1. Which residues, taken from the range 39-90, are charged (D, E, K, R) and outside any helix (DSSP H, G or I)?
2. Just the residues that are in contact with a helix residue (DSSP H, G or I) (Cβ under 7 Å, 6 or more places away or on another chain) and within 22 Å of Ser352 (Cβ to Cβ), please, taken from the range 306-318.
3. Given the conditions (1) within 25 Å of Ala298 (Cα to Cα); (2) under 16 Å from the mean Cα position of the chain (by Cα), and given that Asp158 satisfies all but one, which numbered condition is not satisfied?
4. Residues that are closer than 16 Å to Gly255 by Cα, β-branched (Val, Ile, Thr) and crowded, with 22+ Cβ neighbours inside 10 Å: does the range 374-395 have at least one?
5. Where in the range 229-310 are there helices (runs of 4 or more DSSP H), lying fully within it, with 3 or more residues that are more than 21 Å from Phe385 (Cβ to Cβ) and at pLDDT below 85?
6. How many of the residues in the range 182-215 are in contact with a Ser or Thr (Cβ under 9 Å, 6 or more places away or on another chain) and surrounded by 18 or more Cβ atoms within 10 Å (Cβ to Cβ)?
7. Here are some conditions: (1) assigned to a helix (DSSP H, G or I); (2) in contact (Cβ under 8 Å) with a residue 12 or more places away in the chain. Val331 meets all but one. Which one does it not meet?
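The values are calculated or read from the model by the stated rules, or taken from the named source; none is laboratory data. The shown structure was predicted, so the numbers you read here are calculated from the model rather than taken from an experiment. Every residue, glycine as well, gets a Cβ built from its backbone with ideal geometry; the counts of neighbours run over all protein chains shown.
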Amino acid sequence: MSTGSGADSAPAPTTHDTKNSARTSMFSSLRIRNYRLFAAGAVVSNTGTWMARITQDWLVLSLTGSSAAVGVTTAMQFLPMLLFGLYGGVIADRFAKRNLLFVTQGAMGLGGLFLAAMTLSGHVEVWHVYLTAFFTGLVTVVDNPARQSFVPELVGPDQVRNAVSLNSANFQSARLIGPAVAGVLTAAVGPGWAFLANGLSFLAPITGLLLMRTGELTPTPLAPRRGKGQLREGLAYVRVHPELIWPIVLIGFIGTFGFNFPIWLSAYADDVFHGGSGLYAAFTTLMAAGSLIGALLAARRRSSRLRMLTATAGLFGVALVAVAAVPSAYVFAALLLPVGALGLTVNVTANSSVQMATDPEMRGRVMSLFMMVFVGGTPFGGPLFGWLTDAYGVRVSFAVGGLVVALASLGVGLILARTAGLRLRVDLRRGRRVVAFVPREGLASGPRARVGALR
């Protein structure tokens, strides 16, 4: 993202693509060699991560019998992002992204190997899982903004949206494979081998980084190593750009209240439908399949619109409320496909719209704020919805999360419309039935015009 140079210098979504390029743009970023290496390494490590995540959640549930304990594990993993997330963005803006990724990917591999050693030796306890989750969270504080802001260096500004969407598709593809492999490994030889596979999987992205042609990267200017006020500069930049701050606020609500699926799906599988770890893995796989569909559809779009973000977020919240009361395991499983697609569309649209509306020099700090808000609410949301699940049942917990997301989407949508100088027009006369936002008279230039251009 950006420096403090102002809104007018921020890159806007391209609008000049031809119809032919729209048809062939779904995988266009993969034509770039360095991005292919990045994506290939990521799909291997992401598969290992999902193997470990599914196994970790089920291991904690097996050791404690408590959904709240699963929520604590999730909270431990994301608490560092809440506490230190903005500093990770400062680090990402100060150092070469590729060098940072060597360190962070290696550290994550070591964390996986530690948990594998404890589990395979038969000495694993819940606090070992908590410790590993917290360590992984600390590393992620730097890894997330470094990876997010490394993408434009790999593909250039014209392919940022496509690459962000393909990154999500990559992650969701691994989410399809990882739980299935984890379920087979856990049933056949125990959970320790899934953790071992995760630790070794980080060799793939490290190898990809080594093989990259550094001369083909387009590095962004680095912030001074010892510059003062860089953190405040990033916060001030976001504060005066409504096209950044309100999508970040919305994604914070969604991350805190709408993305507690490890708690919800494990409870549905165990307490509601009595299917055990196999059903939990199946639910997670179906969510991933829906998310993959959403990511591939997002890769075809040529721009990120804020109205798409708020509308999809609202539909996501409504879908959670509707699915919460489904009595059949088969219907519940089938509905996880559209839920996953909607959730992923929200994430990709928010991510790419923020990236494309931010100046390059600020990208690490802005994306660290984005990720901090998105996952930093989990230390609150995880224990809260774990407690709601234990106390009132998972159906109530699921519905409450969806209701909050829907209301937050409505509120942010109205604020963005007002900021963009729009008003709601309702015309229900016969043959004219129209409900739409239209420009107010006298829409001025400046921040309102800028948000209006992005709508």
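1. Result: no residue meets the conditions.
2. Correct list: Leu306, Met308, Leu309, Thr310, Thr312, Ala313, Gly314, Leu315, Phe316, Gly317.
3. It fails just one condition, (2).
4. Within the range 374-395 (the criterion being closer than 16 Å to Gly255 by Cα, β-branched (Val, Ile, Thr) and crowded, with 22+ Cβ neighbours inside 10 Å), the answer is yes, since at least one residue qualifies.
5. Because the criterion is at least 3 residues that are more than 21 Å from Phe385 (Cβ to Cβ) and at pLDDT below 85, the helices (runs of 4 or more DSSP H) in the range 229-310 that meet it are 230-239, 242-257, 276-300.
6. 16
7. (2)
For every residue, the table says whether it meets (1) at pLDDT below 80; (2) more than 21 Å from Pro221 (Cα to Cα).
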{"residue": "Tyr87", "(1), (2)": "no, no"}
{"residue": "Leu101", "(1), (2)": "no, no"}
{"residue": "Ala116", "(1), (2)": "no, yes"}
{"residue": "Val129", "(1), (2)": "no, yes"}
{"residue": "Ala133", "(1), (2)": "no, yes"}
{"residue": "Val142", "(1), (2)": "no, no"}
{"residue": "Pro145", "(1), (2)": "no, no"}
{"residue": "Gln172", "(1), (2)": "yes, yes"}
